[in-house]
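Data block below; observations after.
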Amino acid sequence: MKRTLENIENQFETFQILNEEGEIVNEDAVPELSDDDLKEIMRRMVYTRILDQRSIALNRQGRLGFYAPTAGQEASQLGSQYALEQADYILPGYRDVPQLIWQGLPLYKAFLFSKGHYVGNQMPDGLNAVSPQIIIGAQITQAAGVGIGFKKRGEEAVAITYTGDGGASQGDFYEGVNFAGALGGQNIFVVQNNQFAISVPVEKQSAAQTIAQKAVAAGIEGIQVDGMDVLAVYAVTKDARERAINGEGPTLIETLTYRYGPHTMAGDDPTRYRTEDMNDEWEKKDPIVRFRKYLESKDLWNEDEENKVIEKAKEEIKAAIKEADNTPKQKVTDLMDIMYEELPQSLKEQREEYAEKESK
């Protein structure tokens, strides 16, 4: 049995295309992306890093509510999102707002989500997604249902869901991948292994050497990818999508990544469970620095180009937070009105009470 386990674990080598110096190390696996595609991916990564920095500042000013930093995970998040089509369905975790934004969620609504405003949970037409899930891992079983629905309808679309390594320790994770595997759902399960969940090291969460190998028990495809390498993440997600819509079943993707900030801005102190040496090691793997080096070697990117993206991001973020701030504050009666098509009698009475209070 020990040899069997070792044989399984040895099959899950980390897939990589770009090394830390931005050099191609897997020529055969380089995805077919145009120069414009490559520049667009870089633009999104730089923009998202600025959005993260500004969101942290806004949170500290009291202008945002709940916020989970994303710096360090841009390749994992945006490389996978760029491989999607508009028909695909995203079921994100709370750190996965960037994927929603680049799939079509207006930036001001992303800020309203952070503020806890119901408008921030209203997806615009054309965006197939649900609001970011706060309950860790709950989105995985929901995604299984959506993916199976796509299969039953014969639609060429996939349901993609995201969680962290902590989410892979939840019962919903095992139930979701098992259910999707058993019924051949058109699913992509992305586990962004940023090493610590909230504060517990991944090696203390499971005796398995990889999260990707957990796919074996569910009878589905599994792959571990360098989550700081945007080309590698794009390539494996693109392949997983094609296999899903071709009836070849779901895929579990483990992206090895790192969050440079705290778990959330709600009081987490990462210095209590991460060392400076570890931070320094992962700083050298920064996905934006790595991709920048690659694009510069192809004469596709320069400092002026990046500065333009940074300035545009700052301007759009400023306008979006202003729009969010100017959105009418939600009322208790608003929540009652959108909860039911027809209010039960007991709530009608309560609504009248709150309406009277709100009118004063």
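A few notes on this one:
- Check on Arg63, part of a loop (DSSP other than H, G, I, E, B), among the basic types (Lys, Arg) and under 9 Å from the mean Cα position of the chain (by Cα): no
- Screening the range 260-312 for residues that are part of a helix (DSSP H, G or I), touching a residue at least 60 places away in the same chain (Cβ under 8 Å) and basic (Lys, Arg) and picking the one that is farthest from Arg44 (Cα to Cα) gives Arg272.
- Subset of the range 257-292 [under 19 Å from Leu78 (Cα atoms) and either surrounded by fewer than 17 Cβ atoms within 10 Å (Cβ to Cβ) or of a type in the set (Ser, Thr, Tyr) (or both)]: Thr257, Tyr258, Tyr260, Glu283, Val289
- For the range 226-243, the count of residues that are touching a Phe, Trp or Tyr at 6+ places or on another chain (Cβ under 8 Å), in a strand (DSSP E or B) and in the same structural domain as Glu74 (by TED's automatic domain parsing) is at least one.
- Residue count for the range 335-360, restricted to those that are part of a helix (DSSP H, G or I) and either farther than 20 Å from Tyr118 by Cα or not hydroxyl-bearing (Ser, Thr, Tyr) (or both): 18
- The set of residues in the range 117-149 being surrounded by fewer than 22 Cβ atoms within 10 Å (Cβ to Cβ) and not in a loop (DSSP other than H, G, I, E, B) consists of Tyr118, Val119, Asn121, Ala129, Ala138, Thr141, Gln142, Gly145, Ile148, Gly149.
- So Glu156, is it of a type in the set (Asp, Glu) and closer than 29 Å to Arg43 by Cβ: yes
- Residue, surrounded by the most Cβ atoms within 10 Å (Cβ to Cβ), within the range 9-36, restricted to residues that are among the polar types (S, T, N, Q) and not in a helix (DSSP H, G or I): Gln16
- Close pairs from the range 90-105: first modelled with pLDDT of 95 or more, partner β-branched (Val, Ile, Thr) and not in a loop (DSSP other than H, G, I, E, B), Cβ under 7 Å, at least 6 apart: Ile90/Ile160; Leu91/Val146; Leu91/Thr161; Gly93/Thr163; Pro98/Thr48; Gln99/Ile90; Leu100/Ile90; Gln103/Ile90
The values are calculated or read from the model by the stated rules, or taken from the named source; none is laboratory data. Just so it is clear, the model here is predicted, and its values are computed rather than measured. So basically every Cβ, Gly included, is an ideal-geometry build from the backbone, and we count neighbours across all protein chains shown.
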